[in-house]
1. Would you work out if chain B is rounded, prolate or oblate? Take a ≥ b ≥ c from the square roots of the eigenvalues of the alpha-carbon gyration tensor; rounded if a/c is under 1.5, else prolate when a/b is larger than b/c, oblate otherwise.
2. Run down the aspartates and glutamates and flag those whose C-alpha is under 12 Å from the C-alpha of A:Lys61, throwing out any fewer than 8 positions away in its chain.
3. Say we join alpha carbon atoms closer than 10 Å with springs in a Gaussian network model of chain B; which of B:His131, B:His99, B:His66 then has the biggest fluctuation?
4. B:Lys405: which aspartates and glutamates have alpha carbons under 18 Å from its alpha carbon, excluding same-chain residues fewer than 8 sequence positions away?
5. In the protein assembly as shown, with Lys and Arg counted as +1 and Asp and Glu as -1 at Cβ, which of these residues, B:Tyr434, B:Ala32, B:Leu2, has the Cα nearest the positive end of the dipole, that is, farthest along it?
6. Among B:Thr279, B:Val297, B:Cys268, whose Cα sits farthest toward the positive end of the charge dipole of segment B:265-308 (+1 at Cβ of Lys/Arg, -1 at Cβ of Asp/Glu, about the Cα centre)?
7. Could you work out how far apart the two model spin labels at B:Ser11 and B:Ser429 are, taking each label as a point 7 Å from the Cα in the direction of the beta carbon, and quote it in nm?
8. Averaged over B:19-25, how many beta carbons belonging to a partner chain fall within 10 Å of each residue's beta carbon?
Amino acid sequence: MNNNESLRQLVHDARAPLNRISMNAELVKLVLENDMPKDKALAALDKIIINCQQCSEQLQKISDTHSGE
Amino acid sequence: MLNVLLVDDDSEFSEVVCHIVEFLGHNINTAANLAEAEQWFENNTFDHVFLDFMLPDGSGLHLLEHLKLIGQSPRVTLISGHPSVKGKLAEMCEPNVGHLVKPLQREDIERVLNPKKASGKKKATPSIKRHFGTLIGESEVMQKLYTMIERVAATSANVMLMGESGAGKEVVAQAIHNATQCDGPLVATNCGAFSKELIGSELFGHEKGAFTGAVARKEGVFEQAAGGTLFLDEVTEMPIDMQPNLLRVLESKRVTRVGGTKEQAVNCRVISATNRTLTDLAQNNVIREDIYFRLAVFPIDIPPLRERKEDIPLLAEAFLDQLNDENGTSFKWQASQIKVLEGHDWPGNVRELRHAIHRAFIMSDPKGSTITLPDSLESPFSRVNKKAEANNQVLAGQTIEEVEKELIHATLDKVQGNKTIAAQMLGISTKTLYNRLNAYGGIGEYK
């Protein structure tokens, strides 16, 4: 895999947790706007926190892989 | 309520999208790869498919191909983190395929599932008249066409539609069907799409066990169109040795299924279509004379788009309105862009215009309201035609400068001297155009 491809793959992998964060945040909004049970919102917020960690790890990977270039 | 299928290998993402889509009042199922998605389509139909572009067992585009093969056409929204997919989509120009870029938002999902509601505004009245519910255009040639449709609709005569590819033969067939106000359906079939062995079964139907693979009885299109209209597209591409069977049905108004013995009465109008010219028909022996006279009791020529350029603004407006409605956007044309569209010859006719507009729509900035036309509207077909045209005009011995000058002047003439549009059409910068004009001895008449 050349550098460009590996960078593209890493960016793709970093986008996945961002996508989950975005959708879970939308779910929290839905719960709050519609007075739905708050456990759904709490579960979604937990997922957002986990995915923030994952995203951070992915960004670190990008930085490690490409800092030497 | 829509039936939605989400195809994505990210299970957590799928789960949360399910919650949101269900909250929006729709049914949703999920597939983690292409194989699972194809399995869903074996016994189900879906109104909308959210489709990840990169799946573990292939690209989302493979599912689009599969849907075509099995004859299903749900609206599809490709989801991708790759902006390059937009370019791919533009090439495909599929009218029912949209695109969203990750990360998604709830409004995106809402908008694609319910474009009209999400757009928040409905037009009071449609401003563009659709004659017979389908045809757009107020040009003189179209008015003549409308008169012909009215006249023939009052009779039961068979009609043959002739016109170039993309001129709208199927739309005219629909218009005649609508104008007839019959009780039966419009059934369309493409005679060029079936092998010699299958076309008999497609047209006339077959009885169970009539041939290997005939596991059940099947109605032919003549039966399906009872009391309505049968549209035989590309009729001249039908194998010539099958034509006597068709002739018999047209003459006797009775049809017998393949492998059957019982005759059934046929009571539909037959509208056939070909993109071949009359000379082509006569010279190349593609249709038997007796069939031609049965089918073309009332032949109608559909004018190519270049002969009704005054209709281009209306068509462009209608196509853009439709795309805006479907996608909840509010793009508008600028007068100069309409001029560019009018300046093109559209060898692929209305179909090519529609595809060019859809491509421009996809390429436009979704946050803006101005549509972005590509630098060149040329398609492979227009290039071939232009080359042929140029071959007729360019004379051996002319210098490159002379040819270039003629081309630039011809382009400027076409766009009433507008140098910005001319430069766009020529694929050069406005500055280069000015430089060239100066080199030819001043800007002169194009000042």
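Nothing in this text is a laboratory measurement; each read-out follows from the coordinates by a stated rule. None of the values given here were measured: they were computed from a predicted structure. Every residue, glycine as well, gets a Cβ built from its backbone with ideal geometry; the counts of neighbours run over all protein chains shown.
1. Numbers: a/c = 1.93, a/b = 1.14, b/c = 1.69.
Here chain B falls in the oblate category.
2. Output for A:Lys61: A:Asp13.
3. B:His66
4. Within the straight-line limit of under 18 Å, B:Lys405 reaches these aspartates and glutamates: B:Glu389, B:Asp413, B:Glu445.
5. Of the options given, the answer is B:Tyr434.
6. Of the listed residues, the answer is B:Cys268.
7. About 5.6 nm, to one decimal.
8. Details: counts 9, 6, 0, 0, 6, 1, 0.
Per-residue shielding by partner chains comes out at 3.
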